[in-house]
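Notes for the one structure printed next.
Read the figures in this text as sums done on the coordinates, not as results from a lab. Predicted model only: the values in this text are computed from it and were never measured. A quick note on method: Cβ atoms are made from the backbone with ideal geometry, for glycine too, and the neighbour counts reach across all protein chains shown.
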Amino acid sequence: MKPPLRCLIVDDEPRARAFLRKRLRPHPELVVVGEAGDVAEAHRLCMALHPEVIFLDIRMPESEGFELIPLLHPVPQIVFVTAYSDRAYDAFQVGALDYLLKPYSAERMALTVDKLLGRAT
């Protein structure tokens, strides 16, 4: 059995992070190793924790989630999690695996997990 994918949650809203943790709970194939409220903190955690997946909000007070991606080498799988549909094109241009619109259902999260694990068709 493969070890679970190490995930980092990056969102400036604590309630949004809690909701994401709740949606991930039924998926033991993923484990949350850290949470960040902004890009600077996310970068520090990425360097320390080496997540394989980042669930990344786009609009945060100090900077946009997009600003994190060029700081990472290698870039983990990115799943954007946002309340705004207007940046989906940009997200896929930078190689995002998926784009979740808040509030997303448990079923929608299951589809994202399938993509992360290579089970999606």
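Could you check segment 51-93 and list, in sequence order, the residues that are over 27 Å from Pro3 (Cα atoms) and either touching a helix residue (DSSP H, G or I) at 6+ places or on another chain (Cβ under 6 Å) or of a type in the set (Asp, Glu) (or both)?
Ile58, Glu62, Ser63, Glu64, Glu67, Asp86, Asp90
Please find, among Arg23, Arg17, the residue that is among the basic types (Lys, Arg) and touching a helix residue (DSSP H, G or I) at 6+ places or on another chain (Cβ under 6 Å). Before the answer, list the steps.
Numbers: Arg17 fails: touching a helix residue (DSSP H, G or I) at 6+ places or on another chain (Cβ under 6 Å).
From the options Arg23, Arg17, the qualifying one is Arg23.
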